[in-house]
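> Below you'll find the structure I mean.
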Amino acid sequence: MVAPPDNDVLWARALHYRYDDGSPGLSGVSLGVREGEILAVGGPRGSGKTTLLRCLSGLLPAKDGEVWFNSVPVHTMSPVARERLRRDRFGWIDPEPVLVPELNVWENAALPLMLRGTDRRRARTAALEWLERLDIGDKARRHHGELTQAERQRVCIARALAPAPSVLFADEPTAPLYRVDRGHVLRTLTTAARSHGITVVLATHDAQTAALADRTVSLLDGRRVRTVHLPPVAGAAETEGRAACSLSV
């Protein structure tokens, strides 16, 4: 076992993962993420981006390889310890917005804080701050069924940011948003991350989204590659199949 570099908040070595049907998800992926860095993980759909984020966050134990967070080996943690790590130090944004239907908007956004033991008033204040920054503060007392899908995703982004996680994993976070909203929400997310020192690992198949990151690593068929030509939002379906790549050494 080799200890990770001191300046990497996340470090992975030779990650391998196979799905239950035997198909490969990751094949020997290694990378490091520096503290406060916004790292885009690019590649076409099915390239292993989500699998990599799930392995890095401890949500999906890799079959082989190592994952370290602040020099602590995540790959040797018990399931309970990994769950505590995800709750206390990590944030997660899925491409599909999922809210607790019994809770209103601000309660959904404040939920991670309240689960940590933050009192209701402080949790509400933090949640409302992020809802306002994401232009959905006026819906704070609405419920799941009263929101559009794009509005629900904004709530999910506020929920991930409100606890100020050490690392935020964002899996195609603007996929449900209207095109005109994507840029604003991404700028809010990246600006907030930089101002709060949050490390972001962002999975995307869109070149415009990846351009907002400090650095991009590319995957193809579960492997690190040097170059993948990511399609822009317009015409993504037409150009995705023509992604060009070269294997890294």
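> Please report the accessible area of Val225 (heavy atoms, 1.4 Å probe, ligands and nucleic acids excluded) in Å², nearest 10.
Accessible area of Val225: about 10 Å².
> Let me ask something additional. To the nearest 10 degrees, how steep is helix 149-161 against the longest Cα principal axis of the chain, on a 0 to 90 scale?
Once rounded, the angle reads 80 degrees.
> Next up: Around Gly25, which amide H atoms from residues at least 5 apart in sequence, or from another chain, sit under 5 Å from its own amide H, with H modelled in the peptide plane?
Close amide H contacts, sequence-distant or interchain: Tyr17, Arg18, Tyr19.
> What is the set of long-range amide H partners of Gly91 at a cut-off below 5 Å, with H atoms built 1.01 Å from backbone N?
Correct list: Val167, Leu168, Phe169.
> Go through His196, His75 and list them by solvent-accessible area, largest first, probe radius 1.4 Å. Don't skip to the answer; put the middle values down first.
Numbers: His196 90, His75 65 Å².
Sorted by accessible area, descending: His196, His75.
> Next up: Determine the shape class of the range 14-151: with a ≥ b ≥ c the square roots of the Cα gyration tensor eigenvalues, call it rounded for a/c under 1.5, and otherwise prolate if a/b is greater than b/c, oblate otherwise. Can you show the working numbers first?
Values: a/c = 2.26, a/b = 1.75, b/c = 1.30.
Prolate, because a/c is 1.5 or more and a/b exceeds b/c.
> Any idea what angle helix 179-196 forms with the longest principal axis of the chain, computed on alpha-carbon atoms, 0 to 90 degrees, nearest 10?
Compared with the principal axis, the helix lies near 90 degrees.
> Once phi is turned into ³J(HN,Hα) by the Karplus curve 6.51 cos²θ - 1.76 cosθ + 1.60 with θ = phi - 60°, what whole-Hz value does each residue of the range 94-103 show in order, with x for glycine and proline?
8, x, 10, x, 10, 10, 7, x, 6, 9
> As I understand it, the value is the acute angle between the Cα axis of helix 79-89 and the longest principal axis of the Cα atoms of the chain; what does it come to in degrees, rounded to 10?
Its long axis makes an angle of about 60 degrees.
The values are calculated or read from the model by the stated rules, or taken from the named source; none is laboratory data. These numbers come from a predicted model, not from an experiment. Heavy atoms of the whole protein, side chains included, go into the accessibility calculation; ligands, DNA and RNA do not. Shrake-Rupley method; radii C 1.70, N 1.55, O 1.52, S 1.80 Å.
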